[in-house]
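The values are calculated or read from the model by the stated rules, or taken from the named source; none is laboratory data. Predicted model only: the values in this text are computed from it and were never measured. Here the Cβ is made from the backbone with ideal geometry for all residues, glycine too, and neighbour counts use every protein chain on show. Accessible surface areas use protein heavy atoms only, side chains included; no ligands, DNA or RNA. Shrake-Rupley method; radii C 1.70, N 1.55, O 1.52, S 1.80 Å.
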Amino acid sequence: MKKKKMLLYIVVIGVLILSLTGNWSRKEPKHLAVGTSYLYDIDENGDIVITVEYLNVPAGGISTTGNEKFILMKHKGKTAPKAVRDPELVVEKDFFGSHNKVRFFSEKMVKRGVYDIFDFFARGYITDERPYLIVVKNEDPGIIYKSDKNFSDRLGDVVVEMAEFRGDKTLNGVFIRTMEFMRDYYTEGKQCVMGVVEIRPNPISLDEANEEDKPWKNYASFEGLAVFKGDKLVGYLSKDDTLSYRYIAQKVEDATLEFNVEGAILTAIARRTNVKVDVEMKDGKPEFEVTVHNKLMVAQNNTKYNVSDKDDIKILEELICEDLAKRISDSIKTVQTEYKSDIYGFGQQLHIKHPYEWKKFRDNWDDEHFPEVKVNVVVKTCIDFDGQIMEKFGQRNVKQRKY
Amino acid sequence: MTKKIHLTSTQVACMMAASSLMFPYTFLPVLRVPPANQDAWLVVILSVLYSILFSTPILILSNKFRGLDVGEMTEIIVGKVGGRVVNALMLCFVLFCFTACMLAMALYLKLYVLAETPLWVLVTFLLIPLTYASMKGAGTIGRLAMIIVPLISATIIFFFVLGLKDMKVENILPILADSSFLELNIGAILTGARVSEIIILGLFSFYLREKDSINGTFFKGLTIYGAINVIITMSTLLLMGSGVAKLMNNPFLTYARQVGGGDILQRVQALTLFTWFSGSIMKLMIYNYMGSFLLSKIVNNKKLKSRHFAVPISAAAFILSLLRPFGRMSTLHYLNSQFIFSSIVFSAVFILPLTLILIYLFRYKSVNKATTDLLNAKQQQQQPPQPSAQPQPNGK
């Protein structure tokens, strides 16, 4: 019995030791250069230039004197695994990449194609498939590290927090993990996308503030989406057009939407959405119907309609559906005509629902068939909640409620 | 006379399951056999049927010669010399599996966890516990299997549940549209032919309690293997899709890396590694024990028990692992390739026992008689000695 207990203790301790540590290296963390985000770029010779945001842990293990929680280093090499290991011998520590949270790419890099670098991501033992992938829109991609980190210490943390706590709640941007990109790349009838970041000048200016309290010059905006065709970037979707991708290809929960209702705005929170894509073959050609089910909670009502009145709600729901359907349709049309890249996975749906027909289309789906297919968007919206008031605020002399 | 070890049906079933699960847990080879697409999970289910088919000869032999060990059985069917030849062939197969699996485990440890640790250190760390357990005998291995298999199963189910939110049903659709009947069957045959664990039953059925059924034990082991294998395959496919999953050397570990959530469940793949490592040692100790057992039957020296061969077998495997070609992943890929591995397993698991059955059919009268005689002799040996007769009064 004692032996069994002892064995159990050893097993439990073993599991805890193995699972509670994030660092499986035999080296002390103070001897490791732990990268939390990496920016991949190419120079004029085609060499890979990697800017790494390292955790600021002094080699001696003594607390840092500076305020910065990160150190930036730039490495260069013919290939990513070489570059990432600092061929110029600048860093005095050993490299540890398993805590990487984000992979930023310069526009130049993703326009050239990402096959080679993904071979490194998938193959290398110091890399894995969890980091988010984001394209930097700015001409000088290094500017991302000169942007405000908001509530976080490092840019890598900003992206992770944003993706995990805002990811489902926005219709304006996407956060794609390396594994999702790889999976979509290998999926028939679907093209890949990446998130986008753009560094913009900070509009807040506090001239009278002390030097150390002054806000950063720039801030990072993650709105929009990078459209890929194969392994190459072909363009971007604006924050408004990103809505169609978010609805069709991803999960949307608690996202805030603004609807144009006869010139006035109704803002609502899409509490729960459900999207169904149907395919029908008509005259040998596929036709898609995207049905979006929205359950809304009104957040602000600027329209003339009373969102607590069931007759008004009915009219509003129709207007909202029309508005949203048009926005989604226009956005799909943009992707069809401008980029000819099926990021929504309509081809995948055709493959799933009409696998034998798909064989006729699969070879030239993106270039020939996808731009031509008819996509009908149907939105079914239900205003479930009118908020915590029963009438429009500020209307004093409204007639007695009907019920 | 040493007391015979008795294993329960569940212990033997767990031994079979632990050993057979290590391939899907490590390589998930079903992703790379035809049709090599989203229907791989169906191939797993179909392969279970082929596994039953391929295991039939050993099942028949085990049932027919219940109570005899492998050495005695082969000796009765094909004679002394023939028996040793058959045992030597089986030994070659077991040693091949032992060495190939040991290298696989060591190389995977190096590739995924301990990249900077020399291969010989990893091999040593694998060999020490497994050799020790193998020397302790079938009872120890059976009891360990009862701990390790539930641990492996629970971990796999835990990770399946953890990954549910990131899974996409589209990744396994369309079902059966891109695969032909022939492809599915080829895939299932190649996958089913990899399952060599019926040999474990063949060898350990000798230790099975009399009241436990051999067939029941086989189906119990196969059910655990089939169910957990389907979960492994489904999890991997649903999260990664077949295209990415079949790229990976260790698809389930890659899957385990993707799952987690919140601030607590971060990098929980350590749990998978922990059970994977335990399972690897389990598989290796079973093969080491089988090798030692067969070697003791071939040597047939009463002074040398099977436990005396555990260390030499491990030492030989260690030396082999130091040879240059064996430290390469390309060698492992070659040895583990569908055709090579499945052919070797198929020969050992199906063709050799089938040949024994055919020989038995030709000589069934003499074999039956010899079997009955041997079993009777064994029974008499096991009976407690009769008390000596009381001396008659007056010397009469």
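Okay, here's what the table says:
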| quantity | calculated |
| --- | --- |
| Sum of -39500 (n - 2.57) over DSSP H runs of 4+, divided by residues of the protein assembly as shown (222 nm, nearest 500) | -16000 deg cm²/dmol |
| Over the protein assembly as shown, equivalent-ellipsoid semi-axes from the Cα gyration tensor in Å | 61, 32, 25 |
| Å³ per residue enclosed by the Cα convex hull of segment B:167-267 | 163 Å³ |
| Compactness of segment B:62-118 as Cα Rg over 2.2 N^0.38 Å, two decimals | 1.76 |
| Kirkwood Rh in Å, taken over all unlike Cα pairs in segment B:107-165 | 13.9 Å |
| Percent of Cα-Cα distances greater than 35 Å, calculated over chain A | 42 percent |
| Mean separation of Cα contacts under 8 Å, 6 or more apart, over the residue count of chain A: relative contact order % | 12 percent |
| Loop trypsin sites (Lys or Arg not before Pro), segment B:196-241, which have at most 10 other Cβ atoms in a 10 Å radius of their Cβ (DSSP) | B:211 |
| Average beta-carbon neighbours from other chains, 10 Å sphere, peptide B:77-84 | 0 |
| DSSP H segments from chain B that extend 24 Å or more along their own axis, Cα-based, with Kyte-Doolittle mean of 0.5 or above | B:9-26, B:40-64, B:70-112, B:119-136, B:138-163, B:214-245, B:269-299 |
| Exercise: per-residue mean of other protein chain Cβ atoms within 10 Å, A:176-188 | 5 |
| Trypsin sites (Lys or Arg not before Pro), loop per DSSP, at most 10 other Cβ atoms within 10 Å - longest free stretch of chain A | A:27-395 |
| Kirkwood Rh, Cα atoms: Rg over Rh of segment B:140-194 | 1.17 |
| Shielding score for B:237-243, defined as the mean number of other chain Cβ atoms within 10 Å | 4 |
| In segment A:105-164, the GluC sites (Glu not before Pro) that fall in loop regions by DSSP, at most 15 other Cβ within 10 Å | A:139 |
| Anchor residue B:302: lysines whose Cα lies under 21 Å away (excluding residues fewer than 8 positions away in-chain) | B:3, B:4, B:80, B:136, B:378 |
| Area accessible to solvent at residue B:75, 1.4 Å probe radius, in Å² | 80 Å² |
| Distance violations [Cα-Cα > 25 Å] among B:165/B:283; A:111/B:110; A:359/B:168 | B:165/B:283; A:111/B:110 |
| Where the Cα pairs of segment B:42-143 fall when distances are cut into 5 Å bins, in % | 2, 10, 11, 14, 17, 17, 14, 9, 5, 2, 0 |
| P(r) histogram, all alpha-carbon pairs of segment B:283-363 included - 5 Å bins from 0, percent | 3, 12, 12, 16, 21, 17, 11, 5, 2, 0 |
| Nearest-20 debye value, the protein assembly as shown charge dipole, Cβ charges on Lys, Arg, Asp, Glu | 5200 debye |
| Length-normalised contact order of segment A:295-403 in % [C-alpha pairs under 8 Å, at least 6 apart] | 46 percent |
| At q = 0.08 Å⁻¹, base-10 log of I(q)/I(0) for chain B (Debye sum, equal scatterers on each alpha carbon) | -0.44 |
| Kirkwood hydrodynamic radius of segment A:87-182, Cα pairs, Å | 14.9 Å |
| Accessible area buried at the A-B interface, both sides summed, 1.4 Å probe (Å², nearest 100) | 2800 Å² |
| 18 Å Cα-Cα reach of residue A:314 towards aspartates and glutamates, excluding residues that sit fewer than 8 places from it in its own chain | A:258, A:262, A:322, A:323, A:384, A:386, A:391 |
| Reachable aspartates and glutamates from residue A:276, criterion Cα separation under 14 angstrom, eight or more residues apart if same chain | A:287, A:289, B:170 |
| Inter-centroid distance (Cα atoms) of segment A:27-48 relative to segment B:173-197, Å | 43 Å |
| Full-stretch length increase - residue A:79, residue A:221 - with 0.36 nm per residue and alpha-carbon distance subtracted | 48.2 nm |
| Scaled radius of gyration (Cα, divided by 2.2 N^0.38 Å) that segment A:241-309 gives | 1.39 |
| Stokes-Einstein D in µm²/s, Kirkwood radius over Cα pairs - segment A:266-356 at 10 °C with 1.306 mPa s viscosity | 102 µm²/s |
| Between segment B:344-366 and segment A:133-168, the Cα center-to-center distance that results, in Å | 67 Å |
| Value of D in µm² per second that Stokes-Einstein yields for segment A:134-293, Kirkwood Rh from Cα pairs, at 37 °C (0.692 mPa s) | 182 µm²/s |
